[in-house]
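Step one of this worksheet: look at the structure below.
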Amino acid sequence: MGQLELDLYPYRSKTISVGENQIFSWHDNISEDKDKICYHESVYVKNQGMDLEDWLHIKRQNLGKLTLDYFYSLLKKSKKAKLSFLKEFLTRNKIVYETGSWETIDLN
């Protein structure tokens, strides 16, 4: 009989902001799993039918005692562009991270 593996870090996600105006709709959130904490920013440009997504991943081994709830609170309070703010915070605190982006265009 196999042994049951205990997952101490089930997937969790928290929405930081979501909104819409005449030009854009957006959604940004922070999530975690057993290996990493991820920040995702998604923007849809309505008149161009374009989706833009940027993300930042921090491996759990690089976090020390920092938690999803800590980053959520930090980003929720920020008045600056959240991705830039998070990059500055991580760089200042010598925390290694990876970034990426994605762009799609709806041709219909």
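Quickly run through region 11-23 and pick out the residues that are without any contact (Cβ under 8 Å) to a residue 12 or more places away in the chain and either not small (Gly, Ala, Ser) or not in a strand (DSSP E or B) (or both). VAL18, GLU20, ASN21 - these are the residues of region 11-23 that are without any contact (Cβ under 8 Å) to a residue 12 or more places away in the chain and either not small (Gly, Ala, Ser) or not in a strand (DSSP E or B) (or both). Any residue that is part of a loop (DSSP other than H, G, I, E, B) and either under 16 Å from the mean Cα position of the chain (by Cα) or of a type in the set (A, V, I, L, M) (or both) - is there at least one of those in region 82-91? No, because not a single residue in region 82-91 is part of a loop (DSSP other than H, G, I, E, B) and either under 16 Å from the mean Cα position of the chain (by Cα) or of a type in the set (A, V, I, L, M) (or both).
Looking at this structure, is LEU66 surrounded by fewer than 13 Cβ atoms within 10 Å (Cβ to Cβ) and modelled with pLDDT under 95? Considered against the rule, which asks whether it is surrounded by fewer than 13 Cβ atoms within 10 Å (Cβ to Cβ) and modelled with pLDDT under 95, LEU66 comes out as no.
So that you can scan it fast, the table gives a plain yes or no per residue for (1) over 25 Å from GLN22 (Cβ atoms); (2) loosely packed, with under 13 Cβ neighbours inside 10 Å; (3) modelled with pLDDT of 90 or more:
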{"position": "GLY49", "(1), (2), (3)": "no, yes, no"}
{"position": "LEU52", "(1), (2), (3)": "no, no, yes"}
{"position": "ILE58", "(1), (2), (3)": "yes, no, yes"}
{"position": "PHE71", "(1), (2), (3)": "yes, no, yes"}
{"position": "LYS87", "(1), (2), (3)": "yes, no, yes"}
{"position": "THR91", "(1), (2), (3)": "yes, yes, yes"}
{"position": "THR104", "(1), (2), (3)": "no, yes, no"}
{"position": "ASN108", "(1), (2), (3)": "no, yes, no"}
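Scanning region 64-73 for residues that are out of contact with any Leu (no Cβ under 8 Å at 6 or more places or on another chain) and in a helix (DSSP H, G or I) yields a count of 5. Apart from one condition, LYS36 fits all of (1) closer than 16 Å to THR99 by Cα; (2) exposed (fewer than 15 other Cβ atoms within 10 Å of the Cβ); the exception is (2). Please go through region 35-50 and pick out each residue that is among the charged types (D, E, K, R) and more than 24 Å from LYS76 (Cβ to Cβ). Scanning region 35-50 gives a single hit, LYS46.
The values are calculated or read from the model by the stated rules, or taken from the named source; none is laboratory data. These figures come from a predicted structure and were not determined experimentally. We place every Cβ from the backbone using ideal geometry, glycine too, and count neighbours over all the protein chains shown.
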